[in-house]
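The values are calculated or read from the model by the stated rules, or taken from the named source; none is laboratory data. This one's a predicted model, so the numbers in the text were calculated from it and none came from an experiment. For neighbour counting, all protein chains shown are included, and Cβ atoms are generated from backbone atoms with ideal geometry for every residue, glycine included. Side chains included, ligands, DNA and RNA excluded: accessible areas come from the protein's heavy atoms. Shrake-Rupley method; radii C 1.70, N 1.55, O 1.52, S 1.80 Å.
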Amino acid sequence: MTVLAAELRSLVRQPSSYLFAMFLFAVVAEVGGAEADVYGSVSVLTAGGVAISALPAVTVLTCLFLLFVIVESLHRDRATGFEAIVFSSPVPTLSFIMGKALAAIVLIGVFTAVCVISGAVLLLAQSGPRVPVWPLLLVFGAVLGPTYVLWTAFVTAVMSLVQSRTAALAIGFVALLLTAAQFIRGS
């Protein structure tokens, strides 16, 4: 819990998290609201349509952001010289790594909330006071949530195994590109 609290304090101080949240808000509003029929007229937006339209862009961008956040979080202690103190303390290594991974998962929750709020604002602008939020929560939370948790676990495991920031980023990029290629092919 101490490592989790320290990592969350570190993430709150970084402007990249705030900028990415604003960027994600704009991406969901732009991509989710870009529904047009074959004649070019704008179609009526639905919560599910907004969520599904924004799903590929949100997934790739968030996984890319998480790759950098997790790798830098795990590399920071080595770069600052704090690693020797951490590994000589009685704190188990698993607890240390889990605290950092849980901080990334909290960040995922914040980004999920940003996506849901962005979709709800987009729908409020079109349809008025009543907006069904459950499709947004279902897609951004129940569908993407496990994807982000598995991605966080994968990146954490890769960084723990290779012990190199450059190698972990390269492996993460390759994994993300292979996944995107499979998605484009419909696999």
Run the paramagnetic zone check for residue 57: 7 angstrom along Cα to Cβ, then residues of region 162-185 with backbone nitrogen under 18 Å. 180, 184
How far is it, in nm, from the label point at residue 89 to the one at residue 18 when both lie 7 Å from their Cα along the line to the Cβ? 2.8
Efficiency of FRET from Cβ geometry, residue 124 and residue 178, R₀ 30 Å, rounded to 0.05: 0.20
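Ignoring ligands, DNA and RNA, what percent of the 1.4 Å accessible area of region 48-146 is carbon and sulfur?
Details: 3670 of 4670 Å².
That share works out to 79 percent.
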Find the accessible area per residue for region 75-149; the probe is 1.4 Å, ligands and nucleic acids are left out, and the unit is Å². 54
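To the nearest 20 Debye, how big is the dipole of the chain about its Cα centre, given +1 on the beta carbon of each Lys and Arg and -1 on that of each Asp and Glu?
280
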Can you work out the FRET efficiency for the pair residue 187 and residue 82, with r the C-beta to C-beta distance and R0 = 41 Å, to the nearest 0.05? 0.45
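For residue 167 and residue 134, compute 0.36 nm times the residue count separating them, minus their Cα-Cα distance, and round to one decimal in nm.
Working: separation 33, 0.36 × 33 = 11.88 nm, distance 3.95 nm.
Difference between extended and current length: 7.9 nm.
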